[in-house]
2 protein chains.
Amino acid sequence: MDDRDWELLRHLQADARLSFSELSRRVHLSPPAVAERVRRLEETGVIRGYHAHVDLARAGWTVVALIRMSCYGPRCVLRDPEVREWPEVFEIHRITGDACCVLKVAATSMEGFERLIDRLAPYGRPSSTMVLSTPVAWRPVVPPPSGP
Amino acid sequence: MDDRDWELLRHLQADARLSFSELSRRVHLSPPAVAERVRRLEETGVIRGYHAHVDLARAGWTVVALIRMSCYGPRCVLRDPEVREWPEVFEIHRITGDACCVLKVAATSMEGFERLIDRLAPYGRPSSTMVLSTPVAWRPVVPPPSGP
DNA sequence: CATGAAAGATACAGGGT
DNA sequence: ACCCTGTATCTTTCATG
């Protein structure tokens with residue numbers, strides 16, 4: 001991971017559809033050299049994928065919430081592979097503290113959100129926080145500071 | 001937004017670097033037709049961008065946390081355009097409840113995390129929850145259910 | 001939307017430092 | 001290990017129907 005790799009990451013995070021040719025111009029390397037570096041970043045797992053970022057609201061998912069789940073031991077959300085397939089569930093983070101995990105979820109209406117809560121309730125006690133807006137939805141990963 | 005648009009979104013969310021030609025084969029349309037549909041999805045804001053997804057840990061940001069900020073009125077995090085430029089801050093959500101917003105942040109060490117908390121403290125009382133792991137980091141947006 | 005041709009990009013070889 | 005040039009093949013773009 002040298003400076004050139006970070007430059008490539010910077011550009012691919014801002015626009016994942018940039019061609020190797022365009023990247024090669026921006027980092028002053030030949031297209032094959034760029035292609036090989038990018039392949040290496042993919043294979044070492046630094047790049048986990050390339051995703052089109054779809055606006056939830058414009059796609060019809062107007063209600064967004066964060067749900068802290070206090071799960072009932074063996075019936076935990078983290079232990080059921082089905083929950084992570086529900087289309088309303090977009091992120092699951094295991095966390096420290098008295099709760100077990102946080103879900104980022106969406107619904108098409110408050111009614112749909114209520115039904116989602118009902119489906120989660122068997123796993124544990126859900127504590128919901130509605131997301132009013134998302135001033136920062138995404139920021140690129142930059143090189144970590146080298147010094148202390 | 002017809003079925004073909006949703007098919008395109010499905011593929012572009014799974015792999016944002018797919019060529020228009022490859023997409024055209026998958027949705028059974030000509031490449032120019034695909035290109036025009038994708039441009040329309042971009043211009044109407046359904047597609048907000050294409051991002052390479054970088055693994056935080058592999059990039060050196062080993063400590064991840066969610067911070068609920070209870071801000072001091074005018075000194076709120078949401079009102080300061082600087083905070084959203086800090087490299088440690090990856091998401092900001094305005095929320096309901098007694099807190100003002102939730103930040104998803106990362107640091108390269110606990111020491112670095114402590115310093116970040118110190119920098120946030122002037123804006124309000126931070127309540128930190130460490131992220132132990134992220135079983136679901138990302139899921140594609142699918143068409144919302146049509147019926148009630 | 002589809003077709004077709006020109007311009008551009010990729011992939012893969014081979015060779016250099 | 002890393003990079004560059006060559007060329008054949010694929011892709012994008014734009015005009016046209």
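Every read-out reported here was derived from the displayed coordinates using simple, explicitly stated rules and does not represent laboratory data. Here the structure is a predicted model, which means the values were calculated and not measured. Every residue, glycine among them, receives a Cβ derived from its backbone with ideal geometry; neighbour counts consider all protein chains shown.
Each residue of the range B:102-109 is assigned a 3J(HN,Hα), and the resulting list reads 10, 10, 9, 10, 9, 9, 8, 6 Hz, derived from the Karplus form 6.51 cos²θ - 1.76 cosθ + 1.60 (θ = phi - 60°), x at Gly and Pro.
Its DSSP H runs of at least 4 residues, each contributing -39,500 (n - 2.57), put the calculated 222 nm mean residue ellipticity of chain B at -9000 deg cm²/dmol, to the nearest 500. Modelled label positions at B:Asp55 and B:Ser70, each set 7 Å beyond Cα in the direction of Cβ, lie 3.8 nm from each other. Taken over chain A, the percentage of Cα pairs per 10 Å bin, counting from 0 up to the bin with the maximum distance, is 9, 30, 24, 23, 13, 2.
When the convex hull of the C-alpha atoms of the range A:57-130 is computed, what volume per residue in Å³ does it have?
On the way: hull volume 5.8 nm³, N = 74.
Dividing the Cα hull volume of the range A:57-130 by its residue count gives 78 Å³.
Counted by Cβ distance under 13 Å from B:Ala137, the other residues give a net charge of +4, where Lys and Arg count +1 and Asp and Glu count -1. Sorted from closest to farthest, the other copies place their A:Glu82 label points 5.1 nm away, with each point set 7 Å from Cα along Cα→Cβ. Legend: mean number of C-beta atoms from other chains within 10 angstrom of residue C-beta atoms, peptide A:78-86, equals 1. Measure nothing fancy, just the Cα-based angle from helix A:110-120's long axis to the longest principal axis of chain A, in degrees from 0 to 90, nearest 10. Tilt relative to chain A: about 80 degrees.
Against the empirical 2.2 N^0.38 Å scaling, what ratio does the C-alpha Rg of the protein assembly as shown come to? It would help to have the intermediate numbers written out before the result.
Working: Rg = 20.1 Å, N = 296, 2.2 N^0.38 = 19.1 Å.
Ratio of Cα Rg to 2.2 N^0.38 Å: 1.05.
Starting from the label point of A:Ala35 at 7 Å along Cα→Cβ, the same points in the other copies fall at 2.1 nm, in ascending order.
By Cβ position, the chain B residue that hugs the axis carrying B onto A most closely, with its distance in whole Å, is B:Ala16, 2.
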